[in-house]
């Protein structure tokens, strides 16, 4: 992964609906945005007992799972399954091949945000799993509730330079978020309407930001989204 500054840009694009396995709004990769290195995948998924995501493997990747609705079950390899209530997260660091699964508990449905970034070549060793519980606090910044998920002040730390936070607008407002001229960012709009920089954005869309020290995020009351940044 490089560390040179990018040309400044912000672009908003729609997600792509994929119902082949579970209902997923895919944000990266899509025909409109086939590549946004180091992000390998950014998506929001829905599953229920009738339609579940099967066990699948990752290798040389870092995988974030963050539950936004429902009660999920998370299982790494053959270890015992763990309950993931709304607001829980798992960060899987997989230098080697490892499998995991997220599924609904009996009778329920779940919604979760999932993100995959490439691991640097320097990261080695066995798989490592970090946890975030639903009691992890949010802090109010610029009248916006900011909940760190990965990175500074967060309960989970990345080996790939990933930083991630959830933004919730209780009232109409604006917050300035740090990015970094040597980093790329994605902002996934999960509900409501707002803007990233000068560009309007609404639920189901994603903003791609690069080459900028920071960006203003504005939202109406009820707007919320997830911002993730990494060295690009």
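Any read-out appearing in this document is the output of simple, stated calculations on the displayed coordinates, not a laboratory observation. Since the structure is predicted, the reported quantities are computational estimates derived from the model, not experimental observations. For neighbour counting, all protein chains shown are included, and Cβ atoms are generated from backbone atoms with ideal geometry for every residue, glycine included.
Semi-axes of the equivalent ellipsoid of segment 17-132 are 22, 19, 11 Å, computed as sqrt(5λ) over the eigenvalues of the C-alpha gyration tensor in descending order. Annotation: extensible slack from residue 193 through residue 35 equals 54.3 nm (criterion: 0.36 nm per residue apart, minus Cα-Cα distance). With a Förster radius of 25 Å applied to the C-beta separation of residue 171 and residue 131, the computed FRET efficiency comes to 0.20.
By the equivalent-ellipsoid construction on the alpha carbon gyration tensor, segment 139-231 comes out with semi-axes of 20, 15, 11 Å, ordered largest to smallest.
Our estimate of slack between residue 139 and residue 97, defined as 0.36 nm per intervening residue step minus the Cα-Cα distance, is 11.5 nm.
Peptides 173-179, 200-206 ranked from most to least packed by the mean count of surrounding Cβ atoms within 10 Å: 200-206, 173-179. In the chain, the alpha-carbon atoms span a convex hull of 115 Å³ per residue.
For a paramagnetic label modelled at 7 Å from the Cα of residue 86 toward its Cβ, which residues of segment 191-232 fall within the zone defined by backbone nitrogen distances under 17 Å? Residues passing the 17 Å test: 191-192, 222-226.
Between the beta carbons of residue 17 and residue 105, assuming R0 = 35 Å, the FRET efficiency works out to 0.90 to the nearest 0.05.
Max-minus-min Cα coordinates of segment 84-183 on each principal axis give 45, 44, 17 Å, with the largest extent listed first.
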